[in-house]
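Asks: This is the structure I want to talk about, given as structure tokens.
The values are calculated or read from the model by the stated rules, or taken from the named source; none is laboratory data. None of these values were measured; they are calculated from a predicted model. Every residue, glycine as well, gets a Cβ built from its backbone with ideal geometry; the counts of neighbours run over all protein chains shown.
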Protein chains: 2
Amino acid sequence: MNQFWPRVLQYLHRTSVLPRRSLSACADHPAVPASTNSRHIKPKLLVSRLYLPSTLHDVGQDTRLSREMTCKSQRLMLKAGLIHPSNPGCYYYLPVAVRSMEKLMRVIDQEMQGIGGQKLDMPSLCSAELWKKSERWDLMGSELLRLTDRHNIDYCLAPTHEEAVTTLVAHQANVSYKQLPLLLYQITRKFRDEPKPKFGLLRGREFYMKDMYSFDASEEAAYETYELVCHAYTRLFDRLGLRCVKVQADTGNIGGKLSHEFQLPADIGEDVLLLCGNCSFAANAETMSSDRTECPQCKTGTLVKSKGIEVGHTFYLGQKYSRIFDATFSNVQNKPVLTEMGCYGLGVTRILAAAIEVTSTEEGIRWPGLLAPYQVCILPPKKGSKEHKAVDLAEELVHTLEETLPGLRGEVVFDDRTQMTIGKRLMDASRLGYPYVIVVGKGALKESPKFEVICQQTGETVFLTKDGLLDLLGGVETV
Amino acid sequence: MNQFWPRVLQYLHRTSVLPRRSLSACADHPAVPASTNSRHIKPKLLVSRLYLPSTLHDVGQDTRLSREMTCKSQRLMLKAGLIHPSNPGCYYYLPVAVRSMEKLMRVIDQEMQGIGGQKLDMPSLCSAELWKKSERWDLMGSELLRLTDRHNIDYCLAPTHEEAVTTLVAHQANVSYKQLPLLLYQITRKFRDEPKPKFGLLRGREFYMKDMYSFDASEEAAYETYELVCHAYTRLFDRLGLRCVKVQADTGNIGGKLSHEFQLPADIGEDVLLLCGNCSFAANAETMSSDRTECPQCKTGTLVKSKGIEVGHTFYLGQKYSRIFDATFSNVQNKPVLTEMGCYGLGVTRILAAAIEVTSTEEGIRWPGLLAPYQVCILPPKKGSKEHKAVDLAEELVHTLEETLPGLRGEVVFDDRTQMTIGKRLMDASRLGYPYVIVVGKGALKESPKFEVICQQTGETVFLTKDGLLDLLGGVETV
């Protein structure tokens, strides 16, 4: 106890800074206001209050952006008020985008922790000393953002953390072979001084990445871990409904013996892929001589070209970094042996943009269901219209959905801008891409009330009773 | 659709990269393995597998740390394997600390969103141009970490984001008075080139901070918002069981008219507080002449000195930044008017360390309940002991707790290091500070089985039946 606690406690009880109740009673504070049975609880998530500054600069008028190469996802995200440009290659992620990013991070957490990954968080400031040891201080050239602190010590802003994580593991005395494999990952902001940032979140200078590092006792075990992570990646993209291709890749400046990329096929992709027309062979074109057309695996198929956005990358590193930083473990004979490493990246902000790129229309965002910032948007009738009194039913519907379907809590937005026509608000809803838009109009006032439901991912419109609606939305998966 | 989709789809269906099922079926993938009714599900959260490198350097032997000023929270966090030093003032946050940090961030999200805060995420790289406009480029001196990109453009690593957020809001055309107050916040890593980093996470160079910015239509409305945020802070600390003092503070280089700090009384606190012995007056000593002893509010009380750790800071900014960046809104007459601003910080990593500092013993961490990385640790008997067969009961207990009490899912750790005595494992559990430690020993094998439960926050030990245990743990609040 601090020496002056009695004095402070006396003070705290006397003043109104803290309520006069015991500390244990603090647990009673409700995180979110408890629901009541009152039928007329006003909706809280109002479109009029969402910070969606879509009236920012027109993209065409912004001189900086007009100099940059743009793409569909970038235009749609700017238009819908999800991002706003800052410095070249840097963006503000606005509230609706943050919701989606946080969902993506949760899915990544589930998949990484599902294979035993443990989440840590490493500093962005990495000492030059560490990077010089691996020789990447020079190798990275002008892609590395460098700075000097007040004591004239050199640092870089880490674009990746092989040096940092290996030195961490090397510092631990007596890691036993029984504790391996060790899978450590983080989801943090990374920095890379791209010569030409472009395509919005697809190629930026400051971005979010998930990077995992594995430590194994043998080459064989390390290959098993490598496959385990690749499967987790496939499952992740599968859950998101994104059809990725896993291709052989170059190991680049990360180094190592084996590498694969997870590529999302897209016209604006910067990577050229070679896919065999006959077998499962797939490779990044940079791993092969450019004029090759015969498949090296089955020898009979012809290679066809495709373009892709790299959304994930895996590397089998072997002892490249463990040797430099002396990251060892104690084997069965209690002798120190260098660990076999792998590293595995996922571009978090890039996956978000790439998903929007491949699933959206030219006019509006379409989300992988799990990543939709909000699942449902409810449109009450226009103020002063004949069906105006249905507004109460619309408000009630928000409450019913959130109470009946716990997965939809916080996922139902109410478009209270009733001075606007349904048509105008539908256009906004289409632009933002809520998977389900519910129009509460004259059908809701009939003896057997019906709601108009637009499923934006399929483009279908159906008219459902409240029970039908609950059935449909009960199947929505959220994260 | 991309031009080459048909080709790619054909490829994907032929190869084994993706399972042959429809995209809509992706939603069936279970996020977390579903529970079954089998009694013998092996526990998954094993202490032997937790990355808790407490066998890192002994603090005393580390030359860098021995040069630095240390404190209790830092020693305890190092010893328990929660953090590991990187560069001066920079730490690795290890997995158990990350769990706690994420809990704290969720509580902060709840409280900030509870008062209408919307979460965004701003770049760490801030252009010198922006900071020169506010004159803080020079004012911040050597505390600001600066760098130059490949095009020789100057940037800083933002320690705070008044410039960035105000320019964002200024870019939006036609913000209506109806849309105010606007409360935008983020929880991100911040940078400050501290001359002498010390006390672990209490004074670092890279740390997590929650920063919120408010935009209001009038001075009156802005003061209301200021009070609203202060109340949310008080509620937050109250939920954490931390007894903060709200004191008048200096506005420093942030500027503005009014400022308060939320101080957590502690011996190692670097701030000196003056508290009135008679009324509610409280101030940071730097706001007053040092020899003052009479309370300026009630004029009769005497000011007493106390030390505190600053964990939160609020500023009423007025038009200081909105004027510089021309952040306006349209008033009732549709005329542009400068917004009235406030800004509000919470040191996320600092709160974590400060909480450990004030609630722990010299030997072990004691957590504010909500922030405990894991709520429960179950200790099965030692291998080869007389009561060894109780190990099955211990495993079963993990399963029962997680199934019966949904709030405890992922919160129950199983100490499978049965080669160690109960006593040794209890010492580790005490060091890490799980709020509830359950020893499954010979009492569990009796006809009416009892479990030994150690409530580490109170130091009490009780013997409970399974039902009693469920009752006790059913009251544990998690976030």
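Asks: Applying the selection to region A:354-377, what residues are of a type in the set (G, A, S) and over 14 Å from A:G312 (Cβ atoms)?
Replies: A:S360, A:G364, A:G369, A:A372
Asks: Another question about this same structure. I'd like to check something: does region B:170-184 contain any residue that is surrounded by fewer than 22 Cβ atoms within 10 Å (Cβ to Cβ) and at positive phi?
Replies: Checked against the condition, which is being surrounded by fewer than 22 Cβ atoms within 10 Å (Cβ to Cβ) and at positive phi, region B:170-184 yields at least one hit.
Yes/no matrix, rows are residues, columns are (1) without any contact (Cβ under 8 Å) to a residue 60 or more places away in the chain; (2) more than 26 Å from A:I108 (Cβ to Cβ); (3) in contact with a Lys or Arg (Cβ under 8 Å, 6 or more places away or on another chain):
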residue	(1), (2), (3)
A:K383	yes, yes, no
A:P406	yes, no, no
A:M420	yes, yes, yes
A:E447	yes, yes, no
A:C455	yes, yes, no
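Asks: For residues that are among the hydroxyl-bearing types (S, T, Y) and within 28 Å of the chain's Cα centre (by Cα), tally how many sit in region B:128-183.
Replies: Summing the residues that are among the hydroxyl-bearing types (S, T, Y) and within 28 Å of the chain's Cα centre (by Cα) in region B:128-183 gives 5.
Asks: Considering only residues that are within 14 Å of chain B (Cβ to nearest Cβ) and part of a helix (DSSP H, G or I), which ones fall in region A:359-390?
Replies: If the condition is that a residue be within 14 Å of chain B (Cβ to nearest Cβ) and part of a helix (DSSP H, G or I), then A:T359, A:G369, A:L370, A:L371 are the ones that fit.
Asks: While we're here: Go through region A:290-326 and give me each residue that's closer than 30 Å to A:K210 by Cα, without any contact (Cβ under 8 Å) to a residue 40 or more places away in the chain and away from chain B (no Cβ under 12 Å).
Replies: Within region A:290-326, A:Q319, A:R323 qualify.
Asks: Further question on the same structure: Please work out which one of (1) farther than 24 Å from A:L52 by Cα; (2) within 11 Å of chain A (Cβ to nearest Cβ); (3) among the aromatic types (F, W, Y) is the condition B:Y185 fails and give its number.
Replies: Tallying (1) farther than 24 Å from A:L52 by Cα; (2) within 11 Å of chain A (Cβ to nearest Cβ); (3) among the aromatic types (F, W, Y), B:Y185 fails exactly one: (1).
For (1) at pLDDT below 95; (2) touching a helix residue (DSSP H, G or I) at 6+ places or on another chain (Cβ under 9 Å); (3) hydroxyl-bearing (S, T, Y); (4) surrounded by fewer than 22 Cβ atoms within 10 Å (Cβ to Cβ), each residue gets a yes or a no:
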| site | (1), (2), (3), (4) |
| --- | --- |
| A:Y91 | no, yes, yes, no |
| A:L94 | no, yes, no, no |
| A:S100 | no, yes, yes, no |
| A:M105 | no, yes, no, yes |
| A:Q110 | no, yes, no, yes |
| A:G114 | no, yes, no, yes |
| A:L125 | no, no, no, no |
| A:S134 | no, yes, yes, yes |
| A:W137 | no, yes, no, yes |
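Asks: If you don't mind, there's one more thing I want to ask. Quick one: which residue in A:Y213, A:Y226, A:Y208 is among the hydroxyl-bearing types (S, T, Y) and away from every other protein chain (no Cβ under 14 Å)?
Replies: A:Y226 is the lone residue from the list that is among the hydroxyl-bearing types (S, T, Y) and away from every other protein chain (no Cβ under 14 Å).
Asks: If a residue has to be farther than 12 Å from B:F191 by Cα and in contact with a strand residue (DSSP E or B) (Cβ under 7 Å, 6 or more places away or on another chain) to count, how many in region B:130-146 make the cut?
Replies: Qualifying residue count for the region: 1.
Asks: Next question, about the same structure. Does B:R75 satisfy being modelled with pLDDT of 95 or more and either in a helix (DSSP H, G or I) or of a type in the set (D, E, K, R) (or both)?
Replies: no
Asks: Can you find, within region A:455-479, the residue that is nearest to the other protein chains (Cβ to nearest Cβ) among those that are under 28 Å from the mean Cα position of the chain (by Cα) and of a type in the set (A, V, I, L, M, F, W, C)?
Replies: A:V479
Asks: Out of all the residues in region A:233-246, is one or more in contact with a Gly (Cβ under 6 Å, 6 or more places away or on another chain) and either within 11 Å of chain B (Cβ to nearest Cβ) or over 30 Å from A:L370 (Cα atoms) (or both)?
Replies: So far as region A:233-246 goes, yes, one or more of its residues are in contact with a Gly (Cβ under 6 Å, 6 or more places away or on another chain) and either within 11 Å of chain B (Cβ to nearest Cβ) or over 30 Å from A:L370 (Cα atoms) (or both).
Yes/no per residue for (1) within 23 Å of B:I115 (Cβ to Cβ); (2) within 20 Å of the chain's Cα centre (by Cα); (3) aromatic (F, W, Y):
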site	(1), (2), (3)
B:F237	yes, yes, yes
B:L258	yes, no, no
B:D267	no, no, no
B:E286	no, no, no
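Asks: Tell me whether region A:440-454 contains one or more residues that are surrounded by 15 or more Cβ atoms within 10 Å (Cβ to Cβ), within 14 Å of chain B (Cβ to nearest Cβ), part of a loop (DSSP other than H, G, I, E, B) and at pLDDT 95 or above.
Replies: Checking region A:440-454: not a single residue is surrounded by 15 or more Cβ atoms within 10 Å (Cβ to Cβ), within 14 Å of chain B (Cβ to nearest Cβ), part of a loop (DSSP other than H, G, I, E, B) and at pLDDT 95 or above.
Asks: Separate question: Among (1) at pLDDT 95 or above; (2) touching a Pro at 6+ places or on another chain (Cβ under 9 Å); (3) more than 8 Å from every other protein chain (Cβ to nearest Cβ), which single condition is A:P197 missing?
Replies: Unmet for A:P197, out of (1) at pLDDT 95 or above; (2) touching a Pro at 6+ places or on another chain (Cβ under 9 Å); (3) more than 8 Å from every other protein chain (Cβ to nearest Cβ): (1).
Asks: Conditions first: (1) under 18 Å from the mean Cα position of the chain (by Cα); (2) among the hydrophobic types (A, V, I, L, M, F, W, C); (3) under 27 Å from A:T70 (Cβ atoms). A:V247 passes all but one, so which condition is the exception?
Replies: (1)
Asks: Using the structure shown, decide if A:T349 is β-branched (V, I, T) and either surrounded by fewer than 22 Cβ atoms within 10 Å (Cβ to Cβ) or without any contact (Cβ under 8 Å) to a residue 12 or more places away in the chain (or both).
Replies: Considered against the rule, which asks whether it is β-branched (V, I, T) and either surrounded by fewer than 22 Cβ atoms within 10 Å (Cβ to Cβ) or without any contact (Cβ under 8 Å) to a residue 12 or more places away in the chain (or both), A:T349 comes out as no.
Asks: Within region B:172-181, can one find any residue that is among the hydrophobic types (A, V, I, L, M, F, W, C), without any contact (Cβ under 8 Å) to a residue 24 or more places away in the chain and either within 10 Å of chain A (Cβ to nearest Cβ) or in contact with a Gly (Cβ under 9 Å, 6 or more places away or on another chain) (or both)?
Replies: yes
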